[in-house]
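The values are calculated or read from the model by the stated rules, or taken from the named source; none is laboratory data. This one's a predicted model, so the numbers in the text were calculated from it and none came from an experiment. Positions of Cβ are backbone-derived with ideal geometry, glycine not excepted, and every protein chain shown enters the neighbour counts. Protein only, heavy atoms only, side chains kept; ligands, DNA and RNA dropped before computing areas. Shrake-Rupley method; radii C 1.70, N 1.55, O 1.52, S 1.80 Å.
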Amino acid sequence: MANPRLMINTALAAGVEVALDDSQARHVGVVLRLGEGDTLRVFNAPDGEWAARVVARKKRGMSVRVEHFIRPARPPADLDLLFAPVKRHATDLIVEKATELGVRRIRPVLTQRTIAETVRLERLNAIAREAAEQTERFDAPEILEPLSLAKALDGWDAARMLIYADEAGDEVAAPGGGEGRRAAPLLEALQEGAKENGAVATDPARPPPPAAQGGRGSLALLVGPEGGFTTEERRMLRALPYVMPVSLGPRILRAETAAIAALSVIQACWGDWRNG
Ligand code: SAM
């Protein structure tokens, strides 16, 4: 890989020497095959990206010396992902792709039909970190402790619109589906929420739709488990003023596809894809 990147959690400045921990040293020495004198880039969110050089490669341990500044950090859009953990491979994929797609924080949520209740945070953090290194971002998303859906919503900041991917979409007849609130197509919800969704536009208790915030502000996406949300959960979600139920089209997507597809549309319409 040309000029690989390594995320370093300590302060970076010209001349600073950083001792790598075991897993970083293994990554640099074994995976990237770098040795003494080889160059790489190091980065973190407060200090940006710097050119560095491997200065010591001993049997136990390796360090790099920071040489010069390359570019300042660019903060990610204030976009969170809440997802119900699915099978291991799919969960890994969600975290990797959410990192590539610029999500700032990831919260596993345990819903009534969540089957995979073991979430290996250390593993998910390692996946996020590696994806951040490859993807030219300056931070890895924060991966929060798993919480039940109810607890994750407890104390929710109502200024953060929660886009809820509702597989029952617009089906008013589906249990918990209609109840007077439309699940608009995602793009429409983002672009024209104010005009199209009377419930959002006219209720002063609801936060302004994302398009009305001009792409600033904060947003979160919620994707359910393989078995979908229960009727009870759908009713509860749809009753919350900051929740915007959306449809991702006429096909039922796997949870990982739903997360990747929805994040792509959100970044294109609201987030940092608009800045190039
Ligand atoms: N078992 C459910 C069913 O057959 O209705 C499907 C659940 S789907 C595999 C997993 C999650 O992806 C859903 O809970 C939802 O959040 C999201 N999802 C999948 N397809 C969707 C769609 N067409 N519209 C909105 N959300 C969707």
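For an R0 of 22 angstrom, estimate the FRET efficiency from the Cβ-Cβ distance between E67 and N125 and round to the nearest 0.05.
Values: r = 28 Å, r/R0 = 1.26.
It comes to 0.20.
If R₀ is 35 angstrom, what is the calculated FRET efficiency for the pair A13 and L147, using the beta carbon separation as r and rounding to 0.05?
On the way: r = 37 Å, r/R0 = 1.07.
E(calc), rounded to 0.05, equals 0.40.
At 1.4 Å probe size, with every protein chain present, just tell me what the per residue accessible area of segment 29-73 comes to in Å².
Working: 2590 Å² over 45 residues.
So segment 29-73 comes to 57 Å² accessible per residue, rounded to a whole number.
Tell me, what % of the accessible area of segment 223-276 is carbon and sulfur with a 1.4 angstrom probe?
Working: 1360 of 2420 Å².
Roughly 56 percent of what the probe reaches on segment 223-276 is carbon or sulfur.
Give me the extension gain from R235 to R274: residue separation times 0.36 nm, minus the current Cα-Cα distance, reported in nm with one decimal.
Taking 0.36 nm per residue and subtracting the Cα distance, the gain is 10.7 nm.
In segment 1-159, if every C-alpha pair distance is counted and binned at 5 Å from zero, what percent goes to each bin?
2, 9, 17, 18, 16, 13, 10, 7, 5, 2, 0
Tally up the carbon and sulfur contribution to the accessible surface of segment 12-60 as a whole percent, 1.4 Å probe, everything protein left in place. List each step's numbers first, then the result.
Values: 1310 of 2790 Å².
Ligands and nucleic acids excluded, carbon and sulfur give 47 percent.
Can you pull the Kirkwood radius for segment 51-94, inverse mean 1/r over Cα pairs, to one decimal in Å?
Working: mean 1/r = 0.0665 Å⁻¹.
Taking every pair of different Cα atoms in segment 51-94, averaging 1/r and inverting gives 15.0 Å.
Gap in Å between the Cα centre of segment 1-64 and the Cα centre of segment 104-155?
Each part reduced to its Cα centre gives a spacing of 26 Å.
May I ask you to give the percent of accessible area on segment 67-169 that is carbon plus sulfur, with a probe radius of 1.4 Å?
Numbers: 2400 of 4880 Å².
Of the solvent-accessible surface of segment 67-169, carbon and sulfur hold 49 percent.
Using a 1.4 Å probe, how large is the accessible area of F83, given in Å² and rounded to the nearest 10?
0 Å²
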